[in-house]
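Below is one structure, written out as structure tokens; comments come after it.
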Amino acid sequence: MTCVSLKPSLSNKNKMTKLHLQALSVAALAFAITGCSSIRHDVAPIHSAYTVQTEGGGAIARVITAAADCPLIEIDGRAQTMTQRAAPATIAARDPGKKDSKPANFPLRSCEAPLPRGTHSAQIGSFAFPLAPAEPKRIIILGDTGCRMKQAENEFQPCNDTKAWPFAEVIKSAAAFKPELVIHVGDFHYRESPCPAGNAGCAGSPWGFGMDVWDADFFTPAAPLLKSAPWVFMRGNHESCARAGQGWFRFLDNTPWSAARSCDDPANDGEADFSAPYSVPLNATTQLIVFDSSRAGLKAYKPTDAAYGKYLTQLQEVDRLASQRQHNFFLAHHPVLAFAPNPTGGPTYPGNGGLQSVMAQLHGQRLFPRNVELALHGHVHLFEAVSFASDHPASIVLGNSASGADVDLPAQLPPGLMPAPGAIVDDFVSRSGFGFASLELIAQAWQLTEYDVQGRAIFKCALKDGKSRCARVGQDK
């Protein structure tokens with residue numbers, strides 16, 4: 001684990017009143033990351049400190065701490081106490097009759113402070129929270145990153161092998177790009193079952209839904225990139241209430257925490273499993289629209305289904321948000337207009353039927369509002385870029401950042417194969433190897449590049465007018 005000193009610097013001390021310095025001492029504002037040998041009796045242990053991007057270009061400074069109180073933060077030169085988001089707690093197992101079930105232990109508290117759009121600086125001691133520029137032009141995209149341990153499917157990824165589970169290496173390579181924003185398209189947490197006896201690949205790994213797994217699957221390996229740039233966190237099906245939703249709301253969600261929206265009580269899942277969409281502006285003409293698809297089912301919904309009504313309301317809000325910008329990039333964990341491989345060798349699976357059934361109610365075969373030009377997804381553990389001759393937005397799947405890789409899609413799709421009715425494929429590339437992507441604004445045009453674990457470019461995709469054109473690096477297309 002990386003050690004980061006957060007002692008107040010001399011320049012900070014000169015800016016602060018004696019009263020502020022006394023308060024800093026009481027709060028033990030100077031701290032080191034938990035687990036480092038430099039921790040002293042006068043240092044309050046801050047486990048993680050990071051920036052969560054939120055609606056309209058604002059952000060949230062968030063810390064996870066073992067201290068008895070939330071620390072002070074200095075925002076644009078003014079000191080204030082961070083607000084407690086969630087207190088330490090041990091939560092009873094949601095399904096005690098299930099074999100792989102145990103209480104979720106969260107021994108650390110999470111704290112936060114809002115950072116309105118236009119904030120110039122936010123720091124605790126010498127640690128400066130990363131802030132996005134008004135117009136981010138260099139974005140890193142990750143997806144499906146945890147180490148898969150699931151008894152029900154007899155899948156146990158070798159979490160102790162950095163080649164078999166390369167998330168820390170992906171983070172190191174991605175951080176070298178010095179991004180201005182990071183997008184994670186969902187599924188952070190995968191260690192749901194205990195490692196079988198005698199399995200050296202995952203021996204000693206924590207399991208369940210508590211803080212120890214969140215630390216192993218995400219916070220420890222992601223630390224270098226968490227301190228480099230603000231993150232847009234998307235919720236995946238692994239963060240639904242029945243799975244790791246408790247940690248999602250404590251640590252990553254960008255709306256206020258409440259007991260009713262915490263996933264602690266299954267009686268509240270009908271609300272907590274559905275979150276309102278929000279927008280993140282990239283510039284005056286382009287924005288991200290973040291959509292929570294964590295509970296989306298593969299099969300079409302009936303209008304009488306509760307999920308149908310929830311998603312219809314949220315997709316109507318997507319329409320409203322999309323009207324704010326000329327160009328919109330839609331972010332949802334589940335692919336709407338893309339393909340998933342069939343591990344048994346049967347027909348390739350089309351896009352998500354549940355979402356399609358509701359989206360068609362609003363926009364017919366196009367599914368999306370007219371000014372949605374690109375859809376970014378995870379869930380399928382590979383890289384995939386699909387562009388259409390029909391009037392559908394280009395779709396890119398980026399679920400290959402570390403979780404067990406899916407089998408390959410066909411190099412050439414079967415003639416006439418469509419991810420949804422009327423969606424005629426015009427351009428298609430894919431790869432199942434681990435990696436990550438960048439989204440960059442170059443000469444007023446967006447370009448997406450797919451990289452391998454070491455940061456070597458594999459595909460470059462030009463994005464324009466709702467289409468993608470991808471070519472393997474070193475080859476023309």
*Calculate the length of the line joining the C-alpha centroid of segment 166-223 to that of segment 256-318, in whole Å.*
25 Å
_Can you give me the long-range amide H partners of N283? Hydrogens built in the peptide plane at 1.01 Å from N, cutoff under 5 Å, separation of 5 or more residues or another chain._
none
_Need one word for segment 329-430: rounded, prolate or oblate. Basis is the Cα gyration tensor (sqrt eigenvalues a ≥ b ≥ c); a/c below 1.5 gives rounded, then a/b vs b/c decides._
prolate
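Apply the a/c threshold of 1.5 to the C-alpha gyration tensor of segment 138-472 and tell me whether it is rounded, prolate or oblate.
rounded
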*Farthest toward the dipole's positive end in the chain, which of P114, A445, S430, given Cβ charges of +1 (Lys, Arg) and -1 (Asp, Glu) about the Cα centre?*
P114
*Estimated Rh, segment 429-477: Kirkwood, alpha-carbon pairs, angstrom*: 11.2 Å
*Helix 18-27: angle to the longest alpha-carbon principal axis of the chain, degrees 0 to 90, nearest 10?*
70 degrees
*Find out how many positive minus negative residues lie around G378, taking Lys and Arg as positive, Asp and Glu as negative, among other residues whose Cβ is under 11 Å from that of G378.*
-2
*Mind giving me the FRET efficiency for K99 and A164? R0 is 22 Å, r the Cβ-Cβ distance, nearest 0.05 is fine.*
0.30
*asked:* Out of all DSSP beta bridges in the chain, what portion is antiparallel? Express it as a percent rounded to 5.
replied: 75 percent
*Under the Karplus relation 6.51 cos²θ - 1.76 cosθ + 1.60, θ = phi - 60°, what is the ordered set of whole-Hz ³J(HN,Hα) values for segment 202-217, x standing for Gly and Pro?*
10, 3, x, 6, x, 8, x, 10, x, 4, 4, 6, 4, 5, 5, 7
*asked:* Spelling out what I want: for every residue of segment 73-80, take phi, set θ = phi - 60°, compute 6.51 cos²θ - 1.76 cosθ + 1.60 (Karplus), and round to whole Hz; glycine and proline get x.
replied: 10, 9, 10, 6, x, 10, 7, 8
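Summing +1 for each Lys or Arg and -1 for each Asp or Glu, what net charge is found among the other residues whose Cβ lies under 13 Å from the Cβ of Q324? Intermediate values should be presented prior to the final figure.
Numbers: positive: R320, R325; negative: E55, E317, D319.
Once positives and negatives cancel, what remains is -1.
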*asked:* Run the simple label-point estimate for A176 and E135 please: 7 Å along Cα→C-beta, distance reported in nm.
replied: 3.0 nm
*asked:* Under the 0.36 nm per residue contour assumption, what length would be gained going from the current alpha-carbon distance of N283 and D76 to full extension?
replied: 72.2 nm
*Round to the nearest 10 and give me the degree value, 0 to 90, for the angle of helix 353-363's Cα axis relative to the longest principal axis of the chain.*
80 degrees
*Return the long-range amide H neighbours of R191 (sequence gap of 5 or more, or a different chain), with a cut-off of under 5 Å between placed amide H atoms.*
C147, M149
*Summing +1 for each Lys or Arg and -1 for each Asp or Glu, what net charge is found among the other residues whose Cβ lies under 13 Å from the Cβ of Q84?*
+2
_Cα centroid separation - segment 76-97 against segment 364-393, whole Å_ = 36 Å
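Every number here is computed from the coordinates shown, using simple stated rules; none is lab data. Predicted model only: the values in this text are computed from it and were never measured. Cβ atoms come from the backbone with ideal geometry, glycine included; neighbour counts cover every protein chain shown.
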